Amino acid sequence: MSKVDVVLGTFYGDEGKGKIIDYLGGKADVALRATGGNNAGHSIEVDGVKYVFHLIPSGILNKGSLAIIGNGVVIDPKVLIEEINSLKEKGKDISLLRISTKAHVIFPYHIEMDKMLEENRGSGKIGTTARGIGPCYCDKYERCGIRIEDLYSDGFYDLLKRNIENKNKIFGLYNYPPLDVDKIYKEYLEYASVIKEYVCDTTTLIHRLIKEDKKIICEGAQATLLDIDFGSYPYVTSSNPTIGGIITGSGINAHDIGEVYGVMKAYSSRVGAGPYVTEQDNKIGDMIRELGHEYGATTKRPRRCGYLDLVALKYAVLVNGITALCMNHLDTIGKLDTIKLCVAYERDGEKTTEFTTNEEELNRSLPVYEEFKGNFGDVSKIRKREDLPVNALKYIKRIEEYVGVPIKFIGVGAGREEMIYEKKLVKRR
């Protein structure tokens, strides 16, 4: 039987997972998405055409590949249908899309609740994308959520009516206008009719495909330090984008997992509020942002940028059982004269290499850096690791030595072909 290879983010998202997924997905029979919602997004450019994915696994671009949205994803059907139509308009076959019956549905009241809660946080805003993701997950765990399969049940109207009546009571306290049950019911029946052909029991399907020895790539959303349990709480997402969420969001088991690829950049970035030890809120950060085009694929927000944090990276490796790293933007960081790597934190007069998610401790932490020479030159045409400039090789080697995991993919440019791929996984300690 085959194993499910996983691609997930190591920091705060936006590491360029799409490029790695695109490469690995080209050799896969199945692309699987297990967590998050349309607050996530990644871009892929194929033959001069740019595709931005928010819900559908990008593996759908590969002819003959199944694209599965698992039970752990929360789905805004309006966004999903827009994405389906966009792909169709670009000539892509959507017939191999599959959507879990168990995935929870985002409704207008989730979006309004998201906006209302963020507005009332005042100075304590967490930087939500206001797409209803958090409130939908709240309903899931409150056990009043509505799943994809409920859209086709006789009790759908009653479920929706009860939820909207309860939410309208809350909206009334904050002078928000009430929502119309019948209008939303009619709207979602239309959505349900459009996506019905793609809906099935994806857990059973996935295990059948594993037994048939199909090659499966699971596309992680967001990243480790945004995990609801293991991230820098409360500045996190509402699900588990770490390895545990991959399992519960799809129905695969621990024995089904093969390689775990951790995607990173040769520097770091973050969107939204929250602690960020290596942030460069200065000319260096501005330079990295512009050189790396660091603006959110979903939100278009400018990302906070800084040096690579090896303390946090090693934490991500440990939490996820990462077997290989995929580093993007080597070309970007190589344009700086001097590059720094954070190898420890100094906190309260003491040095530590142990990562913490405690906000107060992170805010008191100062990065301890090692410096490296930059000016790598144009590396975009290099396809073998040994052909990289000496300065680049020293930088890469230090990262591998520190975290104890090999770097298998090295992005040397923005194009999908501008990548170094190391076939043999040799641990460098």
Listed residues Gly127, Gly16, Gly334, most fluctuating in the chain (Gaussian network, C-alpha, under 10 Å) | Gly127
Can you give the extra length, in nm with one decimal, that the chain gains between Glu354 and Arg143 once fully stretched, where that is 0.36 nm per residue apart less the Cα-Cα distance?
-> 72.3 nm
Using a cut-off of under 16 Å, list every residue of the stretch 315-346 whose amide N is near the label point 7 Å from the Cα of Tyr369 along the Cα-to-beta-carbon line.
-> 333-346
Fewest-first sequence of Ile184, Ile146 by Cβ atoms within 10 Å of each Cβ | Ile184, Ile146
Please tell me the relative contact order of the stretch 263-421 in percent, rounded to the nearest whole number, where contacts are Cα pairs under 8 Å and at least six residues apart.
-> 25 percent
Can you tell me what the convex hull of the Cα atoms of the stretch 327-429 projects to on average, as an area in nm²?
-> 7.6 nm²
Using a simple charge model, +1 on the beta-carbon of Lys and Arg, -1 on the beta-carbon of Asp and Glu, nothing else, what dipole does the stretch 263-421 show about its Cα centre, in debye to the nearest 20?
-> 540 debye
By count of other Cβ within 10 Å, fewest leading, how are Cys136, Cys218 ordered?
-> Cys136, Cys218
If packing is taken as the mean number of other Cβ atoms within 10 Å per residue, what is the order of 199-210, 30-41, 85-96, 226-237, highest first?
-> 30-41, 226-237, 199-210, 85-96
Set of lysines near Lys214 by C-alpha distance (under 21 Å), chain-local residues within fewer than 8 positions excluded | Lys3, Lys27, Lys63, Lys423
FRET efficiency, 1/(1 + (r/R0)^6) with R0 51 Å, evaluated for Lys283 and Asn253 via beta carbons = 0.55
Would you mind calculating the gained length between Arg162 and Lys397 on full extension (0.36 nm times residue separation, minus the Cα-Cα distance), in nm to one decimal?
-> 78.8 nm
Of Val74, Val343, Val390, the most mobile residue in a GNM of the chain (C-alpha springs, cutoff 10 Å) is Val390
Distance in nm between Met1 and Glu361 label points, each 7 Å along Cα→Cβ, equals 3.9 nm
If you take the beta carbon distance between Arg385 and Glu417 as r and set R0 to 25 Å, what does 1/(1 + (r/R0)^6) give as a FRET efficiency, to the nearest 0.05?
-> 0.95
By the gyration tensor of its Cα atoms, with a ≥ b ≥ c the square roots of the eigenvalues, what is the shape of the stretch 30-97: rounded for a/c under 1.5, prolate for a/b over b/c, or oblate?
-> prolate
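Given R₀ = 35 Å, FRET efficiency for Lys63-Asp154 by Cβ-Cβ distance, to 0.05?
Once the sixth-power term is evaluated, E becomes 0.35.
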Taking Lys and Arg as +1 and Asp and Glu as -1, residues besides Tyr23 with C-beta under 10 Å from its C-beta add up to +1
Springs between alpha-carbon atoms under 10 Å, Gaussian network over the chain: tell me which of Ser193, Ser43, Ser100 tops the mean-square fluctuations.
-> Ser193
Pull up the DSSP beta bridges for the chain and report the antiparallel fraction as a percent, rounded to 5.
-> 40 percent
Using the Cα atoms of the chain to build a convex hull, what is its mean projected area in square nanometres?
-> 20.9 nm²
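Readers should treat all values here as calculations from the given coordinates under stated rules, not as data from a laboratory. Not measured: the values here are computed from a predicted model. All Cβ positions, glycine included, derive from the backbone under ideal geometry; neighbour counts span all protein chains shown.
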